[in-house]
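Notes to accompany the following structure.
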Amino acid sequence: MAAIKVADEVWLATASLHRRYPDREDFSVSEIVAQAEAENATGAGSLRPGVQIHAYLHCVANRRPSPARLRMLTETSRGRRRLYRPGDSCHPDRRTGKHIPDRNDVPPAYCELIDWYGRDYNGPDARMSKDPILALAGLGKEIWADEGADTYVRRLREGWE
């Protein structure tokens with residue numbers, strides 16, 4: 001295995017945080033950097049200087065590429081970071097960028113984290129459970145459960161002038 005890429009190290013740290021804290025939507029850059037240091041995925045014992053700038057800029061899908069086109073993280077409205085999901089807002093010049101580490105480029109212990117991302121974090125129902133607007137799908141369906149949509153609308157409009 002070649003030396004782990006800094007971008008992959010940032011992704012692994014962010015994914016580890018998401019998995020450890022599933023109720024949190026996003027993380028600060030300093031939290032991601034601290035997690036990368038604690039993970040020590042490179043085995044070097046010390047954090048490489050590029051980790052912070054990758055978490056802040058190089059890996060962020062909805063920022064202008066500088067210079068990388070990676071889309072491993074998304075900057076949230078609070079200025080924090082979360083793992084990128086296909087369908088997230090993305091700068092036009094990053095649309096084809098890498099968004100997940102290649103299994104062959106990370107230590108084998110982290111392959112399960114990549115599987116978790118595909119299965120639980122980014123799975124078909126993951127967006128719906130995380131997005132507060134999409135989570136409203138089906139809310140109130142009991143209101144018209146016993147009547148068709150046309151009948152329900154007709155009843156609501158009775159008395160309109």
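The values are calculated or read from the model by the stated rules, or taken from the named source; none is laboratory data. Computed from a predicted structure; not experimentally measured. Heads up, the Cβs are rebuilt from the backbone with ideal geometry, glycines too, and the neighbour counts pull from every protein chain shown.
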### Message
Which numbered condition in (1) buried (at least 16 other Cβ atoms within 10 Å of the Cβ); (2) over 23 Å from residue 95 (Cα atoms) is the only one that residue 43 fails?
### Response
(1)
## Note on the structure
Within the stretch 71-115, the count of residues that are surrounded by fewer than 17 Cβ atoms within 10 Å (Cβ to Cβ) and part of a helix (DSSP H, G or I) comes to 10
### Summary
Note: among 105, 93, 88, just one is touching a residue at least 40 places away in the same chain (Cβ under 8 Å) and farther than 16 Å from residue 16 by Cα, namely 105
## Note on the structure
Residues of the stretch 52-72 being aliphatic (A, V, I, L, M) and over 17 Å from residue 9 (Cβ atoms), in sequence order, are 61
### Message
Suppose the filter is over 16 Å from residue 102 (Cα atoms), buried (at least 16 other Cβ atoms within 10 Å of the Cβ) and out of contact with any strand residue (DSSP E or B) (no Cβ under 9 Å at 6 or more places or on another chain); does residue 7 pass it?
### Response
no
### Task
Could you grab the pairs with beta carbons closer than 8 Å, sequence gap of 6+ or different chains, first residue in the stretch 134-161 and on the phi < 0 side of the Ramachandran plot and part of a helix (DSSP H, G or I), second one at pLDDT 80 or above and of a type in the set (Phe, Trp, Tyr)?
143/152; 144/152
### Message
Given the options 121, 152, name the one that is at pLDDT below 90, over 19 Å from residue 29 (Cβ atoms) and surrounded by 18 or more Cβ atoms within 10 Å (Cβ to Cβ).
### Response
121
### Task
Could you please give the count of residues in the stretch 71-115 that are under 27 Å from residue 43 (Cβ atoms), modelled with pLDDT of 90 or more and not basic (Lys, Arg)?
20
